[in-house]
Amino acid sequence: MAETALPGPGGGPDFESWACPLPLRDYPRVVLGHGGGGALSEELVRHLFVPAFGNPALDALGDASLVDVPAGRLALSTDGFVVRPLVFPGGSIGELAVNGTVNDLAMRGATPLYLTAGFVIEEGLAMSVLGTVVARMAAAAAAAGVQIVAGDTKVVERGHGDSLYVTTTGVGVVPSGLPPIGPAQARPGDKVLLSGSIGDHGIAVMSVRESLAFETAIVSDCAALHGLVGCILHDDGRIRVLRDPTRGGLAATLNEIATASAVGIVIDERRVPVKPEVRGACDLLGLDPWHVANEGKCVAVVAADAAAEVLAAWRAHPLGRDAAIIGEVEAGRPGLVATRTSLGATRVVPMPLGELLPRIC
């Protein structure tokens, strides 16, 4: 039996090379039996997931994986991904599942090490689509330098899911000497930085889902940010807060920081980078780009005397070329986020009430 299912045409599994008594290629779509714990389940795991994610910890196929962890504080994070469509310009649910959890770890200053992955698959999902998602997920993990060391697969009846849900849990390590980084650490006088343009991911997904055609292709910014974060980390305590503005976008992230730190935040609207095509799409759809999700951007609150240094480091990084200092933290009006507009007025930036764009991350 062939032990390697990758790569095949389009980067998915090479079903033609399989020669098992119950070959997966005889099942062009996922059936309930693939989640039944029997031969089909075993074949799916051994010939799709294990070859894609293969590493010594996963290959053992034990009830739990054993991994080595260096000295430091453990960082743990888990997240579920339910994006529709499963593949979109600039990424897929596979890349989102890896990069999203890697980024959650990185926002606490951790070095991501290991992931686990849970798949809830709806009966009838094309095996080629699942293979493509798994292949992209494996590529994202390899690019991020993390290993997927354990997982689970469940198949639900047709009509009881929405093609595919993926949940990832991440383990990372924070160096012992690194001061706390978190949403409650912002202090009056700190500067607020943004690593690049906002709204790309949400608009990219919407453009496919709603069959919207724009003059310029908009692609997701989905990316792992631990390298971008790593280049600014020091043990001097000047990096106070790191957050990736995903659901709820920049507006939600700034409000969460202001509330957790009991400070006010004032942003200069003109300094917030927004691509013209994203702004145009938001105008068309009646959306505020500040509320649209991102999957490859970072907000940092840093001591005032560290702002120029962080900005230079980010602009030298491929994921931070459009970084900008967008505002500052103030002592008054705790919990309030405001922005100075191009007309010189000041307006409050509220926390979004709900999900403006469902199923985008």
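The values are calculated or read from the model by the stated rules, or taken from the named source; none is laboratory data. On a predicted model such as this, the values are computed, not experimentally measured, just so you know. A quick note on method: Cβ atoms are made from the backbone with ideal geometry, for glycine too, and the neighbour counts reach across all protein chains shown. Protein only, heavy atoms only, side chains kept; ligands, DNA and RNA dropped before computing areas. Shrake-Rupley method; radii C 1.70, N 1.55, O 1.52, S 1.80 Å.
Span-like helix check, the chain: qualifying full DSSP H segments, with Cα axial length of 20 Å or more and mean Kyte-Doolittle of -0.5 or more, are 127-144. Most tightly packed first, judged by the mean number of other beta-carbon atoms within 10 Å of their residues, the peptides 288-296, 52-60 read 288-296, 52-60. For segment 27-37, 3J(HN,Hα) computed residue by residue from phi via the Karplus equation (6.51, -1.76, 1.60; θ = phi - 60°) reads 10, x, 10, 5, 10, 4, x, 5, x, x, x Hz, glycine and proline entered as x.
Could you tell me what percent of the accessible area of segment 194-313 is made up of carbon and sulfur, with a 1.4 Å probe and every protein chain present? Numbers along the way, then the final one.
Working: 2020 of 4190 Å².
The C+S portion of the solvent-accessible surface of segment 194-313 is 48 percent.
For GluC sites (Glu not before Pro), the sites in segment 117-209 that DSSP calls loop and that have at most 13 other Cβ atoms within 10 Å are Glu157. The HN-Hα couplings worked out from phi for segment 78-88 by the Karplus form 6.51 cos²θ - 1.76 cosθ + 1.60 (θ = phi - 60°) are 9, 7, x, 10, 9, 5, 9, x, 5, 10, 9 Hz, whole numbers, x standing for Gly and Pro. Taking a temperature of 4 °C and a viscosity of 1.567 mPa s, what whole-number D in µm²/s does Stokes-Einstein yield for segment 182-231 with Rh from Kirkwood over alpha carbon pairs? Answer from the Stokes-Einstein relation: 94 µm²/s.
Of all lysines in the structure, the ones whose alpha carbon falls short of 26 Å from that of Lys191, not counting any fewer than 8 places away in one chain, are Lys275, Lys297. Averaged per residue, segment 214-361 has 43 square angstrom of accessible surface, using a 1.4 angstrom probe with ligands and nucleic acids left out.
For Gly151, the amide hydrogen comes within under 5 Å of the amide hydrogens of Ala117, counting only partners 5 or more places away or on other chains and with H modelled in the peptide plane.
Taken about its Cα centre, the chain carries a charge dipole of about 900 debye when Lys and Arg each add +1 at the Cβ and Asp and Glu each add -1 at the Cβ. Translational diffusion coefficient of segment 276-349 (Stokes-Einstein, Kirkwood radius from Cα pairs, 25 °C, 0.890 mPa s): 165 µm²/s. The amide H of His234, built 1.01 Å from its N in the peptide plane, has Ile239 as neighbours under 5 Å, considering only residues 5 or more places off or on other chains.
Using a 1.4 angstrom probe and counting only protein chains, how large is the accessible area of Ser211 in Å², to 10? My reading of the accessible area for Ser211 is about 100 Å². Available extension along the chain between Asp63 and Arg315 is 86.3 nm, counting 0.36 nm per residue and deducting the alpha carbon span.
In the context of the full protein assembly, Val219 retains an accessible surface of approximately 80 Å², using a probe radius of 1.4 Å and ignoring ligands and nucleic acids. Pairwise over distinct Cα atoms, reciprocal of the mean inverse distance: report the Kirkwood radius of the chain in Å, one decimal place. Every distinct Cα pair counted, the radius reaches 21.5 Å.
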